[in-house]
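Report on the structure given below.
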Amino acid sequence: MTNFLIGLISLLHFYIMFMEMFLWTKERTLKIFNMSREQAETSKALAANMGLYNGFLAFGLLYGIIQNNYEFKLFFLVCVFIAGLYGGITATKRIIFVQSAPALLTIFLLLLS
């Protein structure tokens with residue numbers, strides 16, 4: 001169950017990476033991030049950088065699953081949790097529910113396993 005949840009969190013971060021790196025100025029992404037086209041155009045390079053970091057999180061979680069490495073799983077879940085908290089404080093509270101809450105639940109399950 002824990003690996004399944006970690007896999008879902010990894011997929012979420014691959015999706016976020018793809019949006020931030022390749023779909024930043026598309027209509028759907030503008031709605032998700034509540035931005036105007038002008039805001040998206042001026043922040044395109046910054047978004048690609050954020051996407052790269054989300055990709056690192058996703059790959060770290062995936063590596064933890066593939067190698068069955070407890071420490072990797074825990075480290076990257078904690079990173080996801082902290083990143084979600086920071087995003088929730090600085091950007092939109094919704095990030096806490098989309099990113100931090102699933103990571104926290106999965107951390108608890110991992111610690112119990």
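The values are calculated or read from the model by the stated rules, or taken from the named source; none is laboratory data. Note that the structure is predicted; figures quoted are calculated from it, not measured. Cβ: placed from backbone, ideal geometry, glycine included. Neighbour counts: every protein chain shown.
Just need a number here: residues in the stretch 85-106 that are more than 15 Å from residue 13 (Cβ to Cβ), over 13 Å from the mean Cα position of the chain (by Cα) and β-branched (Val, Ile, Thr).
3
Can you find even one residue in the stretch 90-108 that is touching an Asp or Glu at 6+ places or on another chain (Cβ under 9 Å) and not in a helix (DSSP H, G or I)? Reasoning before the result, please.
To start, the set of residues in the stretch 90-108 that are touching an Asp or Glu at 6+ places or on another chain (Cβ under 9 Å) comprises none.
The answer is no; no qualifying residue exists.
Report, ordered by the first and then the second residue, all pairs with beta carbons closer than 6 Å, sequence separation of six or more or different chains, a first member in the stretch 1-25 that is in contact (Cβ under 8 Å) with a residue 12 or more places away in the chain, and a second member that is buried (at least 17 other Cβ atoms within 10 Å of the Cβ) and in a loop (DSSP other than H, G, I, E, B).
Going by the 6 Å Cβ cut-off, there are no qualifying pairs.
How many residues does the stretch 80-95 hold that are without any contact (Cβ under 8 Å) to a residue 40 or more places away in the chain and either crowded, with 18+ Cβ neighbours inside 10 Å or closer than 19 Å to residue 6 by Cβ (or both)? Explain how you work it out, then say what you get.
Quick first cut of the stretch 80-95, residues without any contact (Cβ under 8 Å) to a residue 40 or more places away in the chain only: 81-91, 93-95.
Checking which are either crowded, with 18+ Cβ neighbours inside 10 Å or closer than 19 Å to residue 6 by Cβ (or both) leaves us with 81-85, 87-88, 95.
Summing the residues that are without any contact (Cβ under 8 Å) to a residue 40 or more places away in the chain and either crowded, with 18+ Cβ neighbours inside 10 Å or closer than 19 Å to residue 6 by Cβ (or both) in the stretch 80-95 gives 8.
Of the residues 21, 17, 50, 35, only one is at pLDDT below 95, in a helix (DSSP H, G or I) and among the aliphatic types (A, V, I, L, M); which?
Going through 21, 17, 50, 35 in turn, the sole match is 50.
Do you know which residues across the stretch 38-47 are part of a helix (DSSP H, G or I), of a type in the set (S, T, N, Q) and surrounded by 13 or more Cβ atoms within 10 Å (Cβ to Cβ)?
39
Which residues, counting only those in the stretch 54-79, are among the aromatic types (Phe, Trp, Tyr) and surrounded by fewer than 15 Cβ atoms within 10 Å (Cβ to Cβ)? Steps first, please.
Looking only at the stretch 54-79, we keep the residues that are among the aromatic types (Phe, Trp, Tyr), and these are 56, 59, 63, 70, 72, 75-76.
Answer for the stretch 54-79, where residues must be among the aromatic types (Phe, Trp, Tyr) and surrounded by fewer than 15 Cβ atoms within 10 Å (Cβ to Cβ): 56, 63, 70, 75.
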